[in-house]
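Down below is the structure, laid out as structure tokens.
Just so you know, all these numbers are worked out from the coordinates, no wet-lab data involved. Worth saying up front: this structure is predicted, and the values here are computed from it rather than measured. Heads up, the Cβs are rebuilt from the backbone with ideal geometry, glycines too, and the neighbour counts pull from every protein chain shown.
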């Protein structure tokens, strides 16, 4: 029992994958320091690379593409390999890369502060670096499970607005870093075009913007099933089985994800909202006629079911996931 608790509770799959992602980065960091360190621009590229991975792994189309690839394997391959592939649902790279980016940014901050005394780094670059580091530390601190569980709406709003602020400052930091460390004979435009970090910032910014360009308000038919559950019916799209979508009544402050349930042969889908807090309770008491929807229906854990011949599903409440 102790070994089972260690494996499935203390060292659950999320924590194991997080540890691998984080420790690989820390191993590279320790090795780099032991070899005498790296140039400040090189460290900056690693910082941006981790932020790039953390942002893109949460992009709806990237998530759907990963599920499409990983769930395409046949059931004839060994069970242990299918079980490993099924872990794509955790998408733990987001938290692992975010934490690693913060550690690399601390190393970067030390180096760029040192370079300030040698007149390589500008005071503006150093100041922006400290602000970004502060924002990332706050984001990570407030993303701890206890705070998220007790203050989910506050966590989501803080995470979003501080994340946007950090992204805007990352643009300034990247351009200033390239400007301060480029060769005098190279123009800023040419230096930007040749720097991978600049293009990663471009792509991750487009990834964030693209999601919000799909923001729409859709009509919905609501049916109160009980004082504990509400069903919402949509007809604007037909999602694949095992997906979820996000809805909101206040797009800038809160979003809530629910499993989509499509009826075979019919257009549209439904979702079940069960009472779990203030927001869900209010929606059940006052059913909406319209809701905001952002992004596309995104593959979730139930999408991995076709990898297996037999599956045991344990549901802990209503509307947990579509099952068929």
For the range 1-150, the fraction of alpha-carbon pairs in successive 10 Å shells from zero, as %
10, 30, 31, 19, 8, 2, 0
Peptides 94-100, 145-151 ordered by average Cβ neighbours within 10 Å, highest first
94-100, 145-151
When a footprinting reagent is the concern and you count Cβ atoms within 10 Å, what order do 144, 302 take, fewest first?
144, 302
For 181, 130, ascending order of other Cβ atoms within 10 Å (fewest first) is 130, 181
Over the Cα atoms of the chain, Rg to Rh with Kirkwood Rh, two decimal places?
1.01
Quotient of C-alpha Rg and 2.2 N^0.38 Å, computed over the range 227-324
1.10
Ranked list, fewest to most other Cβ atoms within 10 Å of each Cβ, for 284, 28, 158
28, 158, 284
Proportion of all alpha-carbon pairs of the range 60-102 beyond 12 Å (%):
65 percent
Ellipticity estimate at 222 nm from DSSP helix runs (n ≥ 4, -39,500 (n - 2.57)) divided over the chain, nearest 500:
-17500 deg cm²/dmol
